[in-house]
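Values quoted throughout were computed directly from the atomic coordinates according to the rules given, and no laboratory measurement underlies them. What you see is a predicted model, and the numbers here were worked out from it, not measured in a lab. Here Cβ is always computed from backbone atoms with ideal geometry, including for glycine, and neighbour counts include all displayed protein chains.
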Amino acid sequence: MPELRRFLAPYLKQIPLPEGEAFYAVSLAGLQALAAERGGGLKQAMLDCLEQGIWPERFRANRGELSAQDQARLLNSSAAVMGCGGLGGLACLLLARLGVGELLLVDGDSFEESNLNRQMLATPETLGRPKAQVAAQAAASLNPACHARGEVAWIGPDNLAAMVAGRQVVVDCLDNLSARYHLEDACRAAGVPLVHGALAGMEGMVMVIPPQGPGLRELHGPTPPPKDHGAEVLLGTPTPTPAAVASLEVSEAMKLLLGRPGLKPGQLLHLDLGAPAMEILTLG
Amino acid sequence: MPLLVKLSTTLRKQVPGYDPNTGLDLEFVPGESAEGLIQRLGLDPKRIKIIMVNGRSAALDQELRDGDRVGLFPPVGGG
């Protein structure tokens, strides 16, 4: 029996699979014991286990869709979520649960009452608190192996380069097209893929924007349309739509992190929860 | 074959009786551009940012063909 499995024996559970196969899962207590023994922290303990095909219990239900190598790759990944409101408030929670190891969560705003219909992190207790700070606390508390940092800032051309540098993916969860254009420019300059998501009423759009490839200018024109032209001004942002769009964004971000095929450059995923219908449109 | 026109978000409210499940069947007019169709619907071309013809983006001056599926979208930026 390998040394790691012997050390973890009290914390291991054998999970049977069809046709007589099985795999091992390790509890949080086992990971904490391993981290204390080896001194490398919880994330390193998870990586050590995954390398031996032992699944941390918290990720066990990802198995099947993800391999142990995939899960380890996510733990070694770094993502930024721009905006921690309707889209970003859920996206950051999903990325933390998915097991992305490092998250930068950015928003200059604080929670207010009108956010309560849709923003996962807006609760009567968090009203008045900075969204980015609440998001970082929530992500770290959901997954202590996730290094989540909140940055309370309004993004712009001056501060974006440092935020997106070194990330494997950036998730656009902003609420206006002008800021989204700045974000796309910064991601292109840094060579980081961007997952764009936007919504109005019961409809949403998701697009993967590679550093070279069609983006928001191909969608909306050379300059961002004025904020009061956005359909969301009239139709609002009702409860179900941000959650659906954020989930699609995280799914595309996961595929980018794992090097799997997803939405192709120039493809626009259009979601209509009203009908309901989902279609892929092509730019250019 | 008629044109099948699908409208997104705010545009739906500007065309009376629009049904998002079926879209609109409109008579094909030979030589008509996407812009001409938008005007025929009584919509403002300046407020339409994305025109899709048969699932591919198109310019305002694109000439439509019999049986085309046309999708019209205003800017969407909410989060």
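Which ³J(HN,Hα) values in Hz, rounded to whole numbers, follow from the phi angles of the stretch A:103-111 under the Karplus curve 6.51 cos²θ - 1.76 cosθ + 1.60, where θ = phi - 60° and Gly and Pro get x?
Running phi through 6.51 cos²θ - 1.76 cosθ + 1.60 with θ = phi - 60° gives 10, 10, 10, 10, 6, x, 9, 10, 5 Hz.
Which ³J(HN,Hα) values in Hz, rounded to whole numbers, follow from the phi angles of the stretch A:157-163 under the Karplus curve 6.51 cos²θ - 1.76 cosθ + 1.60, where θ = phi - 60° and Gly and Pro get x?
x, 7, 10, 6, 4, 5, 6
Report, in listed order, any pair from A:K131/B:K46; A:K43/A:K131; B:K6/B:K46; A:K264/B:K49 with a Cα-Cα distance greater than 27 Å.
Beyond 27 Å between Cα atoms: A:K131/B:K46.
Please report, for the Cα atoms of the stretch A:170-284, the Rg to one decimal and the Dmax as a whole number; what are they, in angstrom?
Radius of gyration, then largest Cα-Cα span, for the stretch A:170-284: 13.4, 38 Å.
On a C-alpha basis, how far is the centre of the stretch B:26-79 from the centre of the stretch A:100-150 in Å? Whole number, if you could?
Going from one Cα centre to the other spans 40 Å.
With θ taken as phi - 60° and the coefficients 6.51, -1.76 and 1.60, list the Karplus ³J(HN,Hα) couplings across the stretch B:5-16 in order, rounded to whole Hz; mark glycine and proline as x.
10, 10, 10, 10, 6, 4, 5, 4, 7, 8, 10, x
Whose amide H sits under 5 Å from the amide H of B:R56, counting only residues 5 or more places off or on another chain, with H placed in the peptide plane?
Amide H neighbours of B:R56: A:T282.
Considering the Cα trace of the protein assembly as shown, what is its radius of gyration and what is Dmax, both in angstroms?
23.1, 78
Counting partner chain Cβ atoms within 10 Å of every residue's Cβ in B:9-16, what's the average?
That works out to 4 on average.
Using just the helices of the protein assembly as shown, give the 222 nm mean residue ellipticity in deg cm²/dmol: DSSP H runs with n ≥ 4 each add -39,500 (n - 2.57), and the total is spread over all residues, rounded to 500.
Taking each H run of at least 4 residues, the total per residue is -9500 deg cm²/dmol.
Quick check: convex hull over the Cα atoms of the stretch A:1-101, volume per residue in Å³, rounded to an integer?
It is 109 Å³ per residue.
What residues have an amide H closer than 5 Å to that of A:S77, excluding those fewer than 5 places away on the same chain, when H is modeled at 1.01 Å from N in the peptide plane?
A:G101, A:E102
Could you work out the mean count of beta carbons from other protein chains within 10 Å of each residue's beta carbon in A:227-234?
Partner Cβ neighbours, averaged per residue: 6.
Suppose a student asked you for the relative contact order of the stretch A:239-284, using Cα pairs under 8 Å spaced at least 6 residues apart; what percent would you report?
This gives 26 percent for the stretch A:239-284.
What is the Cα coordinate range of the stretch B:3-73 on the first, second and third principal axes, sorted by size from largest, in whole angstrom?
That gives 27, 23, 21 Å along the principal axes, largest extent first.
Given the options A:Q32, A:Q14, A:Q52, which has the most mean-square fluctuation in a GNM of chain A, springs set between C-alpha atoms less than 10 angstrom apart?
Greatest mean-square fluctuation among the candidates belongs to A:Q14.
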